[in-house]
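Notes to accompany the following structure.
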Amino acid sequence: MLLLVLGLVWFVVRYQRGQLQQQQQLAQMQEAAQQQALAAALVAQEDERQRIAAELHDGVGTILALAKLHLYGPGSQPSPEASALIDQAVAEVRRISRNLQPATLQQLGLAQALQALVQAVPTDNGPNVRLEQEGPLGRLIPTHELMVYRIAQELLTNGLLHAEAAHIVLHVATVPGLLTLTYSDNGQGFDLTALGELPPPGPHGQPVGMGLINLRSRVAVLGGQLHYHSEPGVGTRVEAVLPITLLPAGTPNPSFSLNS
């Protein structure tokens, strides 16, 4: 009887361990599938960004340039106001195209692209935005470089739209294999309990503009961690800790596509 009882106990324990292992494996498979779906959604998003940027530059930009040529055609008396409006439209198309497909990122790397992103913020009626860098920042593999840039872009956009801050700082710190991107402002802040009401990143991605959810998705695809520190009236600090892979020194400029 004792041997029978011991045998039953051993069987139950082994069965429970097997069930637990199966549950863990299933959870890992589900998490991997979700990461793949998120990555696929972001690939599609980047491809769409590139398509729109090309159409803006080659289509709308060319039409505006031709319109200005006709405006100054033989025998015409162009209006200075019309010319100024066309120049303004051309500049706006170029700005949007650069944001959608940042050429600086591919040509000069993440550090210069982040600096250009900060310098693009108007200084006359907006907050003072500063970029701080701690440690050398070499070229990353295209996927990581583009995703880190998009995370910084999302953080800065959210801050400019919602923080009502006078000062914003983007801080980049690197150690081998890890990059920490920290956003901080002295704005109105928000109640952290509201973050718990947001759904987790969905398997089909989220539309652009759903700031915090979009941010979570990008950090999750890189396998990173996202930490929020904020309270009403005090300001906000968001820290993204991201695993990264550096390119070997002397590698030619990479092609910026998440598919690469």
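The values are calculated or read from the model by the stated rules, or taken from the named source; none is laboratory data. As the structure is a prediction and not an experimental result, all values here were calculated from the model. Counting neighbours? That spans all protein chains shown, and the Cβs are built from the backbone with ideal geometry, glycine included. The accessibility values were calculated without ligands, DNA or RNA, using every heavy atom of the protein model including side chains. Shrake-Rupley method; radii C 1.70, N 1.55, O 1.52, S 1.80 Å.
Report yes if some residue within the range 72-88 is touching a Pro at 6+ places or on another chain (Cβ under 8 Å), under 21 Å from V60 (Cα atoms) and either modelled with pLDDT under 75 or of a type in the set (F, W, Y) (or both); otherwise report no. Yes, the conditions are met somewhere in the range 72-88. The helices (runs of 4 or more DSSP H) falling completely within the range 81-171 that include 2 or more residues that are among the aliphatic types (A, V, I, L, M), touching a residue at least 12 places away in the same chain (Cβ under 8 Å) and closer than 30 Å to D191 by Cβ map to 110-119, 142-162.
Within the set R237, R216, the sole residue that is open to solvent by 70 Å² or more (accessible area, probe 1.4 Å) and either assigned to a helix (DSSP H, G or I) or at pLDDT 85 or above (or both) turns out to be R237. Summed over the range 219-234, residues that are at pLDDT below 90, assigned to a loop (DSSP other than H, G, I, E, B) and more than 16 Å from A166 (Cα to Cα) total 2.
Out of all the residues in the range 92-105, is one or more of a type in the set (V, I, T), modelled with pLDDT of 75 or more and within 22 Å of the chain's Cα centre (by Cα)? Checked the range 92-105: at least one residue is of a type in the set (V, I, T), modelled with pLDDT of 75 or more and within 22 Å of the chain's Cα centre (by Cα). Farther than 30 Å from T245 by Cβ, at pLDDT below 75, under 26 Å from the mean Cα position of the chain (by Cα) and outside any loop (DSSP other than H, G, I, E, B), is that true of L56? Considered against the rule, which asks whether it is farther than 30 Å from T245 by Cβ, at pLDDT below 75, under 26 Å from the mean Cα position of the chain (by Cα) and outside any loop (DSSP other than H, G, I, E, B), L56 comes out as yes. Looking across the range 170-193 at every residue that is open to solvent by 20 Å² or more (accessible area, probe 1.4 Å) and β-branched (V, I, T), the one that is farthest from Q133 (Cα to Cα) is identified as T193.
If only residues of the range 101-146 that are more than 18 Å from L246 (Cβ to Cβ) and of a type in the set (G, A, S) are counted, the one that is surrounded by the most Cβ atoms within 10 Å (Cβ to Cβ) is A116.
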